[in-house]
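**Student:** Got a structure here, written out as structure tokens. Questions coming.
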Amino acid sequence: GAVVSQHPSWVICKSGTSVKIECRSLDFQATTMFWYRQFPKQSLMLMATSNEGSKATYEQGVEKDKFLINHASLTLSTLTVTSAHPEDSSFYICSARMDYEQYFGPGTRLTVT
Amino acid sequence: DAKTTQPTSMDCAEGRAANLPCNHSTISGNEYVYWYRQIHSQGPQYIIHGLKNNETNEMASLIITEDRKSSTLILPHATLRDTAVYYCIVRVGYGGSQGNLIFGKGTKLSVKP
């Protein structure tokens, strides 16, 4: 149990366009969902935390107008990278919390050309 | 900032036990020790967690010192598939921002034939 999926698993987009990444908890309802970003050879960095029906809480240094998070239901959160630029190329990983445990998705590789 | 210190990398021979240390000298009484691992280009995978007692599951054992300032993750019979970055994280055992998983740099474990 406790499976988290992400879609797409990888995406290539052109600079200036927007891309949406979906995160779903498949067999449980998540009280909180998280978005992390990971650059090559670096650790995961928490970007934002969101609760269903509430505005996301962004970590310091993360632009909320650039990384739009929607948490419309207890099983779905989306991250939209707006006006993407090559420096936004990264591995984006979502996580969902059930009770006190966090479960991670497989990640989405974003490449901006 | 991460509250743990881990060696950057370790090697282990296939079939032997892998012992991964972690220092968390500033751990609070209500913080648990969690271990996750990340195989290349995948999302983190939960391994084990504990508060003060030693814990064992089908993947690993967790040994926490009596003063709780350090711990060791033990993979009893390492295989090549255990090659990954292992993260030791301390967090409170309840929700809210203090319960968020904040990743440090982890230990790159290389299991060699």
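The values are calculated or read from the model by the stated rules, or taken from the named source; none is laboratory data. The structure presented is a predicted model; accordingly, all values stated were derived computationally and were not measured. Virtual Cβ from ideal backbone geometry, glycine too; neighbours counted across all protein chains shown. Side chains are part of the model used for accessible areas, which takes the heavy atoms of the whole protein and leaves out ligands, DNA and RNA. Shrake-Rupley method; radii C 1.70, N 1.55, O 1.52, S 1.80 Å.
To keep it simple, each residue is scored yes or no on (1) in contact with an Asp or Glu (Cβ under 8 Å, 6 or more places away or on another chain); (2) more than 28 Å from A:Thr108 (Cα to Cα); (3) part of a loop (DSSP other than H, G, I, E, B).
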position: B:Asp11; (1), (2), (3): no, yes, no
position: B:Pro21; (1), (2), (3): no, yes, no
position: B:Thr26; (1), (2), (3): no, yes, yes
position: B:Gly29; (1), (2), (3): no, yes, yes
position: B:Val33; (1), (2), (3): no, no, no
position: B:Tyr36; (1), (2), (3): no, no, no
position: B:Ser41; (1), (2), (3): no, no, yes
position: B:Tyr46; (1), (2), (3): yes, no, no
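**Student:** Still on this structure, I have one more. It is to be established whether one or more residues within the stretch A:58-71 are within 11 Å of chain B (Cβ to nearest Cβ) and either part of a loop (DSSP other than H, G, I, E, B) or at pLDDT 95 or above (or both). Walk me through it before giving the result.
**Tutor:** Applying the first criterion (within 11 Å of chain B (Cβ to nearest Cβ)) to the stretch A:58-71 yields A:59.
With the extra rule that they be either part of a loop (DSSP other than H, G, I, E, B) or at pLDDT 95 or above (or both), the set shrinks to A:59.
Checked the stretch A:58-71: at least one residue is within 11 Å of chain B (Cβ to nearest Cβ) and either part of a loop (DSSP other than H, G, I, E, B) or at pLDDT 95 or above (or both).
**Student:** Still on this structure, I have one more. Just the residues that are within 16 Å of B:Tyr46 (Cβ to Cβ) and either open to solvent by 20 Å² or more (accessible area, probe 1.4 Å) or at pLDDT 95 or above (or both), please, taken from the stretch B:90-108.
**Tutor:** B:Ile102, B:Gly106
**Student:** Regarding the stretch A:84-102, can at least one residue be identified that is touching a Phe, Trp or Tyr at 6+ places or on another chain (Cβ under 9 Å) and among the basic types (Lys, Arg)?
**Tutor:** Checked the stretch A:84-102: at least one residue is touching a Phe, Trp or Tyr at 6+ places or on another chain (Cβ under 9 Å) and among the basic types (Lys, Arg).
**Student:** Follow-up. Take the stretch B:5-31 and flag every residue that is surrounded by 16 or more Cβ atoms within 10 Å (Cβ to Cβ) and within 26 Å of A:Ala96 (Cα to Cα).
**Tutor:** B:Gln6, B:Cys22, B:His24, B:Ile27, B:Glu31
**Student:** In this structure, is B:Leu62 more than 25 Å from A:Ser25 (Cβ to Cβ), among the aliphatic types (A, V, I, L, M) and loosely packed, with under 13 Cβ neighbours inside 10 Å?
**Tutor:** On the way: more than 25 Å from A:Ser25 (Cβ to Cβ): yes; among the aliphatic types (A, V, I, L, M): yes; loosely packed, with under 13 Cβ neighbours inside 10 Å: no.
For B:Leu62, the condition - more than 25 Å from A:Ser25 (Cβ to Cβ), among the aliphatic types (A, V, I, L, M) and loosely packed, with under 13 Cβ neighbours inside 10 Å - is not met.
**Student:** Within the stretch A:72-113, count every residue that is open to solvent by 30 Å² or more (accessible area, probe 1.4 Å), within 13 Å of A:Arg24 (Cβ to Cβ) and assigned to a loop (DSSP other than H, G, I, E, B).
**Tutor:** Qualifying residue count, the stretch A:72-113: 3.
**Student:** What residue, of B:Leu109, B:Leu62, is more than 10 Å from every other protein chain (Cβ to nearest Cβ), in contact (Cβ under 8 Å) with a residue 40 or more places away in the chain, hydrophobic (A, V, I, L, M, F, W, C) and outside any loop (DSSP other than H, G, I, E, B)? Walk me through it before giving the result.
**Tutor:** Working: B:Leu62 fails: in contact (Cβ under 8 Å) with a residue 40 or more places away in the chain.
Criteria check complete, one pass: B:Leu109.
**Student:** Which residue pairs have Cβ atoms closer than 8 Å, lie 6 or more positions apart in sequence or on different chains, and pair a first residue in the stretch B:32-50 that is facing chain A (nearest Cβ under 8 Å) and open to solvent by 10 Å² or more (accessible area, probe 1.4 Å) with a second residue that is in a strand (DSSP E or B) and among the acidic types (Asp, Glu)?
**Tutor:** Between residues of the stretch B:32-50 that are facing chain A (nearest Cβ under 8 Å) and open to solvent by 10 Å² or more (accessible area, probe 1.4 Å) and residues that are in a strand (DSSP E or B) and among the acidic types (Asp, Glu), the close pairs are B:Tyr46/A:Glu101.
**Student:** Still on this model: Of the residues A:Phe39, A:Phe34, which single one is surrounded by 13 or more Cβ atoms within 10 Å (Cβ to Cβ), within 14 Å of chain B (Cβ to nearest Cβ), under 20 Å from B:Ile102 (Cα atoms) and aromatic (Phe, Trp, Tyr)? Step through it out loud before you land on a result.
**Tutor:** On the way: A:Phe39 fails: surrounded by 13 or more Cβ atoms within 10 Å (Cβ to Cβ).
Selected residue: A:Phe34, the only one of A:Phe39, A:Phe34 that is surrounded by 13 or more Cβ atoms within 10 Å (Cβ to Cβ), within 14 Å of chain B (Cβ to nearest Cβ), under 20 Å from B:Ile102 (Cα atoms) and aromatic (Phe, Trp, Tyr).
**Student:** Looking only at the stretch A:9-27, which residues are closer than 21 Å to B:Ile89 by Cβ and either more than 11 Å from chain B (Cβ to nearest Cβ) or not in a strand (DSSP E or B) (or both)? Talk me through it step by step, then tell me what you get.
**Tutor:** Of the residues in the stretch A:9-27, the ones closer than 21 Å to B:Ile89 by Cβ are A:23, A:25.
Selection gives A:Ser25 alone.
**Student:** OK, next. Checking the conditions here, which among B:Thr26, B:Thr72, B:Thr65, B:Thr107 is over 20 Å from A:Ala2 (Cα atoms) and in contact with a Lys or Arg (Cβ under 9 Å, 6 or more places away or on another chain)?
**Tutor:** Sole residue among the options that is over 20 Å from A:Ala2 (Cα atoms) and in contact with a Lys or Arg (Cβ under 9 Å, 6 or more places away or on another chain): B:Thr26.
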